[in-house]
1. Within the group PHE272, PHE220, PHE260, which residue is under 18 Å from ASN88 (Cβ atoms) and not assigned by TED's automatic domain parsing to the domain that holds ARG87?
2. Among the numbered conditions (1) over 27 Å from GLU263 (Cα atoms); (2) without any contact (Cβ under 8 Å) to a residue 40 or more places away in the chain; (3) crowded, with 17+ Cβ neighbours inside 10 Å, tell me where PHE220 comes up short.
3. Do any residues in segment 38-62 that are free of Cβ contacts under 8 Å to residues at least 12 places away in the same chain have Cβ atoms under 8 Å from those of residues that are assigned to a helix (DSSP H, G or I), where the two are at least six apart or on different chains, and which pairs are they?
4. Can you pull out every residue in segment 152-167 that is closer than 16 Å to ASP244 by Cβ and more than 22 Å from the chain's Cα centre (by Cα)?
5. Given the conditions (1) in the same structural domain as ALA238 (by TED's automatic domain parsing); (2) in a helix (DSSP H, G or I), report the number of the one that THR133 does not fulfil.
6. So is THR209 among the hydroxyl-bearing types (Ser, Thr, Tyr), outside the structural domain of VAL25 (by TED's automatic domain parsing) and closer than 25 Å to MET15 by Cβ or not?
7. From the list LYS111, LYS115, exactly one residue is more than 30 Å from THR261 (Cα to Cα), in contact (Cβ under 8 Å) with a residue 40 or more places away in the chain, in a helix (DSSP H, G or I) and in the same structural domain as ASP245 (by TED's automatic domain parsing). Which is it?
8. Please pick out the residue among ALA234, ALA274, ALA238 that is small (Gly, Ala, Ser), part of a helix (DSSP H, G or I) and within 21 Å of LEU173 (Cβ to Cβ).
Amino acid sequence: MASQRKKYYELVRRMKDLPSLPEAVVAILDVLENPRSTARDLSEALHQDQSLAARILRIVNSAYYGFPREVDTLSKAVTILGYTSIRNLILVTKTFDMFNGGARDNTLDLKLFWKHSLACGVAAQTIAIRLRTGLAEEVLLAGLLHDIGKVILATHLHEEFAETVRYAREKDLLLFEAETELLGATHADFGRWLADAWNLPHNLTEAITYHHDPTQSKTFFVCASLVHLGDIMARTLALGNGGDDQMPAVHPQAWSALHFTPELFEGLIEEFEARFEKAQAFLPDEEIG
């Protein structure tokens, strides 16, 4: 175990150029975290990043939200959606911007990857709404970011990641199993590293870290379980590709704790598909279609 973790820390030390959140985004997130800030304060901060502001307004006016009238100002968007939704839009938009370069070959097809990530988030959200967990906003973002560690590996440790993907296929392993053997850590560990570096909320960090084994999350088990089930649902429906074609086993405790059943799964498909179609607005313009 010690030698495995040593591999991980050696790889982390090599990744010195990992993108950090832009200063304008950090300033916006600071406003969001300030309990005394107002919608006007947030609107003014958002105006410092015009491309981000435009993307937020485009998403707010998409079919996903379905508002009867156009939301034509940021202050209106903030008032209508609230801080949590705005924060989620910011993090999703900037993550797409910073990690949309992709690998140097087809090791990780980003168009299919983001489609899978979106499907996971929407599936987790659909389950959360049906089960009345009160976590619909959180798990949508957590699902979108659950595999972000794969993008870090594909872009910053490309040769090692490509070798891991080949090894997983040759040995018929799940990708995280191959990562553990060759890298000493999984994409979830690298995702946690980014989440900590970006100071993401603890529930998101835990869901990213433990989406393959929610029982390891002692504080945010339900959130991690929803993302875990969302991942399984997205893979079952073959929406996008998370970098491998293997199907992880459903964790029995996540399944039983949420009282999930095959019948419930079947009953959610139509609702999920309608929500997923509208959620295409979250994807970068070049990834839509």
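1. Being under 18 Å from ASN88 (Cβ atoms) and not assigned by TED's automatic domain parsing to the domain that holds ARG87 holds for just one of PHE272, PHE220, PHE260, which is PHE220.
2. (1)
3. The qualifying pairs are ASP41/VAL31.
4. Matches in segment 152-167: GLU160, GLU163, ARG166, TYR167.
5. Only one criterion is unmet by THR133, namely (2).
6. Considered against the rule, which asks whether it is among the hydroxyl-bearing types (Ser, Thr, Tyr), outside the structural domain of VAL25 (by TED's automatic domain parsing) and closer than 25 Å to MET15 by Cβ, THR209 comes out as yes.
7. Going through LYS111, LYS115 in turn, the sole match is LYS111.
8. Answer to the check: ALA234.
The values are calculated or read from the model by the stated rules, or taken from the named source; none is laboratory data. Since this is a predicted model, take the numbers as computed values, not measurements. Counting neighbours? That spans all protein chains shown, and the Cβs are built from the backbone with ideal geometry, glycine included.
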